[in-house]
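Data block below; observations after.
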Amino acid sequence: MKVCPNCQKENLADAKFCVYCGFNLINVSAASSYSSTPQSPVPDSQTTKVNSTAADSKANPNQSAAFSTNQDNNQQQANSTGSQATADATQTNTRYAATNHLFNSFLRYIKESLINPNNNIEAPHYGGLMSIGLYVVIMLIMFGVFSRRIVGAIENSAGNDLSSQVVSSVTEPIASNIMAISGILIISLAAYLIIAYAVRRLMLNDNIAFLDFTDLFGIYLNISSVLLLATFVLSLFVSVAASAFLLFLILALFGLSQVVINYGVVMVLKDVQGKFNTFYSMLVAEILPAIVIYLISMQYLNDMVTNLANTLQNTFSGY
């Protein structure tokens, strides 16, 4: 039994409030007995409220039990509301778009990347990998069309002076070499992506997952892809022997698309603190891919020039 310190009445051992006066019995032990010394002074307003509650409880003994039940329900409702608020906050903070329409979500991902590129843009699942795929497709199509136009211009210039076999022996190596340049650019993208991810994991000590990292990198890669697409569209309306201004504009757009990739490396590393200074981490992430690209490009260009020289010498040696 619990003895109420206020009215000295006995209550059940599990009672939370006195059924006679409404006094709070939560902190009163069931084994405790009444002490003549009051626990704490009660303000006049609280005394009035207690007396009023006591009078009501005498008229209706079940009132205090109902009051206790209502308080428990309110506490449970508050806990439920808090849990729901936490769940909503977690859902709001997720970076993945909450839509099942993958294509529409990816288009919004590209749109937000162009309007306000930042690391808080929502991405569809595998959005970064989709951005990488889009970049590769645009790159291959652009260089494929360009190589065909170059080959067509050479064939038209040759006319009937040379046989088709001789012309093809010259144009095929040129076309394959042009496509190889697109391969070098795709390899350079992979080098920037992998090295930047390794720097963030090892030097900055950030345990970000690779797919999440590609989502961040894809934000800036989307901008590069749009610039590549603009370069490709503009080149369709320009002849192979383009004017100096249009050629400069095309090269400027293409160069800008590659600069954005370097900018993306900086943006995905700049806010992360780790074992090394962020500046040196970004410096490593920029220099190492540049060295890889330089070595691959120099080796390829040397082989290309040698092969073209040998092809031309063998082709026109009989003329």
>> If packing is taken as the average count of other Cβ atoms within 10 Å, what order do 203-213, 297-307 fall into, highest mean first?
In response: 203-213, 297-307
> Could the peptides 269-276, 133-140, 176-183 be put in order, highest first, of the mean number of other beta-carbon atoms found within 10 Å of their residues?
Replying inline: 133-140, 176-183, 269-276
>> In whole Hz and in residue order, list the ³J(HN,Hα) couplings for the range 247-253 that follow from phi through the Karplus curve 6.51 cos²θ - 1.76 cosθ + 1.60, θ = phi - 60°; x for Gly and Pro.
In response: 5, 5, 5, 5, 5, 5, 5
>> For PHE23, what residues show an amide H to amide H distance below 5 Å, using hydrogens built from the backbone and excluding near sequence neighbours?
In response: CYS18
> Which whole-Hz ³J(HN,Hα) couplings does the range 143-151 yield from phi under the Karplus relation 6.51 cos²θ - 1.76 cosθ + 1.60, θ = phi - 60°, glycine and proline marked x?
Replying inline: 6, x, 5, 4, 5, 5, 5, 5, 4
>> Can you tell me the mean projection area, over all orientations, of the convex hull of the range 103-315's alpha carbons? Units nm², please.
In response: 13.8 nm²
> So how compact is the range 216-319: Cα radius of gyration and Dmax in angstrom?
Replying inline: 19.6, 67
> Which residues' amide hydrogens lie under 5 Å from the amide hydrogen of VAL3, considering only partners 5 or more residues apart or on another chain, with H built in the peptide plane?
Replying inline: ASN11
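Just so you know, all these numbers are worked out from the coordinates, no wet-lab data involved. Values in this document were obtained by computation on a predicted structure and should not be read as measured data. Neighbour counts are summed over all protein chains in view; Cβ atoms, including those assigned to glycine, are modelled from backbone coordinates with ideal geometry.
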